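Working notes, beginning with the structure itself.
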Amino acid sequence: MATPQLSNQTASQPTATQQPIVFFDGECVMCNGFVDLLLKVDPLGTILIAPLQGQTARQYLPPLPLDREAWSIYYQDERGLYNQSDAFIQVCKRLGGVWSIFTAIGLIPRPIRDLIYRLIARNRYRLFGRRDTCRVPNKSEQARFLP
């Protein structure tokens with residue numbers, strides 16, 4: 001899949017082709033918790049972050065379902081676009097180190113792991129809550145977030 005350049009790119013902001021991107025639901029408390037963790041365990045910023053509600057997601061992802069409970073995490077890198085449990089596995093693989101342990105989830109057949117993923121995703125707002133607005137990165141996080 002060819003990756004187009006971001007149209008509002010600045011000289012200091014990497015393009016999607018230079019670094020992998022995690023797309024997340026910016027209004028989901030659980031998803032924001034995952035992003036907080038990602039920011040801590042990837043201090044060098046090897047993975048960029050973009051909300052599903054943003055223009056980067058609209059540019060790079062297929063159209064999202066109208067039902068937000070059907071949304072998924074996406075991960076894009078030089079090898080392609082992944083979603084659901086595959087996205088999580090690829091992020092852990094990219095992080096390496098102790099996070100590589102979680103790639104063992106890939107040993108579970110995809111239909112089973114995606115069923116578990118969908119069960120959690122469908123209930124994430126009820127279980128963890130929902131923000132009123134999409135996450136806005138603070139100054140120290142801005143270089144990691146795409147619009």
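Here are a few things to note about the model shown:
- Scalar couplings 3J(HN,Hα) for the range 135-147, obtained by applying the Karplus form with A = 6.51, B = -1.76, C = 1.60 to θ = phi - 60°, are 4, 10, x, 7, 4, 6, 9, 4, 5, 8, 9, 9, x Hz; x denotes Gly and Pro.
- Dividing the radius of gyration of the alpha carbons in the chain by their Kirkwood radius gives 0.94 for Rg/Rh.
- Magnitude of the charge dipole for the chain, about its Cα centre and with charges confined to Cβ atoms of Lys, Arg (+1) and Asp, Glu (-1), is about 220 debye.
- In this structure, the amide hydrogen of residue 130, modeled 1.01 Å from its nitrogen in the peptide plane, lies closer than 5 angstrom to those of 29, counting only residues at least 5 positions away or on a different chain.
- Carbon + sulfur, % of accessible area of the chain - ligands and nucleic acids excluded, 1.4 Å: 61
- The label point for residue 128 and the one for residue 112, both projected 7 Å from the Cα toward the Cβ, are 2.4 nm apart.
- Applying both filters, DSSP loop and at most 11 other Cβ atoms within 10 Å, to the trypsin sites (Lys or Arg not before Pro) of the range 35-98 gives 79.
- Surface analysis of the chain yields an accessible area of 56 Å² per residue, using protein heavy atoms and a 1.4 Å probe.
- Rh by Kirkwood over Cα pairs, then Stokes-Einstein D for the range 64-125 at 1.002 mPa s and 20 °C, µm²/s: 174
- A dipole drawn for the chain from +1 and -1 charges on Cβ atoms has a positive end, and of 55, 76, 117 the residue lying farthest that way is 117.
- Over the chain, Cα pairs under 8 Å with separation of 6+ residues give a relative contact order of 31 percent.
The values are calculated or read from the model by the stated rules, or taken from the named source; none is laboratory data. Because the structure is a prediction, the values reported are computed rather than measured. Using ideal geometry, Cβ is built from the backbone for each residue, glycine included, and neighbour counts are taken over all protein chains shown. Note: accessible area is taken over every heavy atom of the protein model, side chains too, but ligands, DNA and RNA are not part of it. Shrake-Rupley method; radii C 1.70, N 1.55, O 1.52, S 1.80 Å.
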